[in-house]
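S.K.: Once you've had a glance at the structure underneath, I'll fire off some questions.
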Amino acid sequence: GAVVSQHPSRVICKSGTSVKIECRSLDFQATTMFWYRQFPKQSLMLMATSNEGSKATYEQGVEKDKFLINHASLTLSTLTVTSAHPEDSSFYICSASGRRDEQFFGPGTRLTVL
Amino acid sequence: KNQVEQSPQSLIILEGKNCTLQCNYTVSPFSNLRWYKQDTGRGPVSLTIMTFSENTKSNGRYTATLDADTKQSSLHITASQLSDSASYICVVSAYQAGTALIFGKGTTLSVSS
């Protein structure tokens with residue numbers, strides 16, 4: 001089956017620093033990648049949708065200048081949390097979609113901002 | 001408004017027992033319904049995916065049903081194992097430009113010995 005990886009799996013950073021999370025589709029070309037965040041005991045909340053080579057589409061209420069998304073190739077998307085604050089601490093999950101439109105999820109990245 | 005409601009919110013069962021999780025949705029126009037298993041601290045893993053015309057689909061000890069008329073789905077787990085302890089998420093896809101997934105909040109299942 002399709003495999004999506006994320007790196008790092010866990011990251012702890014100081015308030016005010018920026019953190020980059022990578023999402024890779026390992027065995028297929030992902031025309032679209034999605035970024036979600038998940039708070040404890042809550043469902044996944046879509047943050048943004050990105051298509052390779054074009055600007056990401058952000059959901060309402062998600063600050064595009066704070067959550068920078070780059071989808072430079074068909075196998076890699078990155079999410080950069082800029083000037084992170086404790087309220088940004090969350091579980092960030094990416095998913096990737098190929099030709100068949102089914103989304104395959106990565107294992108997630110736990111971000112803790114001190 | 002497109003919504004997915006799951007019940008129960010949490011469930012505790014003994015190892016070896018069966019259980020059924022429920023999902024009701026008000027998504028339109030409906031494309032497909034998926035059940036995912038999410039272990040703590042991990043990303044969701046697909047169990048089943050059903051389109052409008054499919055009433056039931058199995059994946060090992062997991063059997064999902066879909067009633068498109070009443071907009072209800074269930075996930076039945078037979079002979080539960082400790083490793084089944086996880087959150088089970090019902091996700092409904094709507095026909096829109098691009099892929100739009102509406103997530104339920106999940107049912108947290110705990111299997112005890």
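The values are calculated or read from the model by the stated rules, or taken from the named source; none is laboratory data. Computed from a predicted structure; not experimentally measured. Backbone-built Cβ (ideal geometry, glycine too); neighbour counts: all protein chains shown.
S.K.: Can you tell me which residue within the stretch B:20-45, out of those that are small (Gly, Ala, Ser) and loosely packed, with under 13 Cβ neighbours inside 10 Å, is nearest to the other protein chains (Cβ to nearest Cβ)?
M.R.: Only one residue fits best here, namely B:Gly41.
S.K.: Got a sec? Which of B:Lys57, B:Lys17 is of a type in the set (D, E, K, R), at pLDDT 95 or above and either surrounded by 14 or more Cβ atoms within 10 Å (Cβ to Cβ) or touching an Asp or Glu at 6+ places or on another chain (Cβ under 9 Å) (or both)?
M.R.: Result of the check over B:Lys57, B:Lys17: B:Lys57.
S.K.: Continuing with the same structure: Does A:Ser90 meet the test of being under 27 Å from B:Glu5 (Cα atoms), surrounded by 15 or more Cβ atoms within 10 Å (Cβ to Cβ) and polar (S, T, N, Q)?
M.R.: Spelling it out, A:Ser90 is indeed under 27 Å from B:Glu5 (Cα atoms), surrounded by 15 or more Cβ atoms within 10 Å (Cβ to Cβ) and polar (S, T, N, Q).
S.K.: Moving on to the next point. Can you tell me which of A:Phe28, A:Phe39, A:Phe104 is touching a residue at least 24 places away in the same chain (Cβ under 8 Å), among the aromatic types (Phe, Trp, Tyr) and within 8 Å of another protein chain (Cβ to nearest Cβ)?
M.R.: A:Phe104
S.K.: Of (1) under 30 Å from B:Leu33 (Cβ atoms); (2) surrounded by fewer than 19 Cβ atoms within 10 Å (Cβ to Cβ); (3) β-branched (Val, Ile, Thr), A:Ile12 satisfies all except one. Which?
M.R.: (1)
S.K.: What about B:Ala86, is it modelled with pLDDT of 95 or more, in contact with a Lys or Arg (Cβ under 7 Å, 6 or more places away or on another chain) and under 27 Å from A:Ser5 (Cβ atoms)?
M.R.: Criteria met by B:Ala86.
S.K.: Would you tally the residues in the stretch A:86-101 being without any contact (Cβ under 8 Å) to a residue 60 or more places away in the chain and of a type in the set (Phe, Trp, Tyr)?
M.R.: Of the residues in that region, 1 qualify.
S.K.: Here's something else I'd like to know. For a quick check of your reading of the model, give me the residue pairs whose first member lies in the stretch A:56-85 and is part of a loop (DSSP other than H, G, I, E, B), whose second is loosely packed, with under 13 Cβ neighbours inside 10 Å and modelled with pLDDT under 90, with beta-carbon atoms closer than 6 Å and at least 6 apart or on different chains.
M.R.: Taking only residues 6 or more apart or on different chains, the pairs are A:Leu74/A:Gln29.
S.K.: Which of the residues that make up the stretch B:9-28 are in a loop (DSSP other than H, G, I, E, B) and within 12 Å of B:Ile102 (Cα to Cα)?
M.R.: B:Thr26, B:Val27, B:Ser28
S.K.: So, one more: Which one is farthest from B:Gly106 (Cα to Cα) among residues in the stretch B:46-92 that are more than 14 Å from every other protein chain (Cβ to nearest Cβ) and touching a residue at least 60 places away in the same chain (Cβ under 8 Å)?
M.R.: Here the residue is B:Ala79.
S.K.: Let me ask something else. Which residues, taken from the stretch A:76-87, are over 13 Å from the mean Cα position of the chain (by Cα) and either buried (at least 18 other Cβ atoms within 10 Å of the Cβ) or among the aliphatic types (A, V, I, L, M) (or both)?
M.R.: A:Ala84
S.K.: Restricting to the stretch A:39-74, name every residue that is buried (at least 21 other Cβ atoms within 10 Å of the Cβ) and within 18 Å of A:Leu111 (Cα to Cα).
M.R.: A:Leu44, A:Met47, A:Ala48, A:Ile69
S.K.: Could you tell me which numbered condition A:Val81 fails, if it satisfies all but one of (1) touching a helix residue (DSSP H, G or I) at 6+ places or on another chain (Cβ under 9 Å); (2) closer than 24 Å to B:Lys105 by Cα?
M.R.: So A:Val81 meets the others, but not (2).
S.K.: I'd like the full set of residues that are away from chain B (no Cβ under 13 Å) and under 15 Å from A:Asn70 (Cβ atoms), limited to the stretch A:8-23.
M.R.: A:Ser18, A:Val19, A:Lys20, A:Glu22
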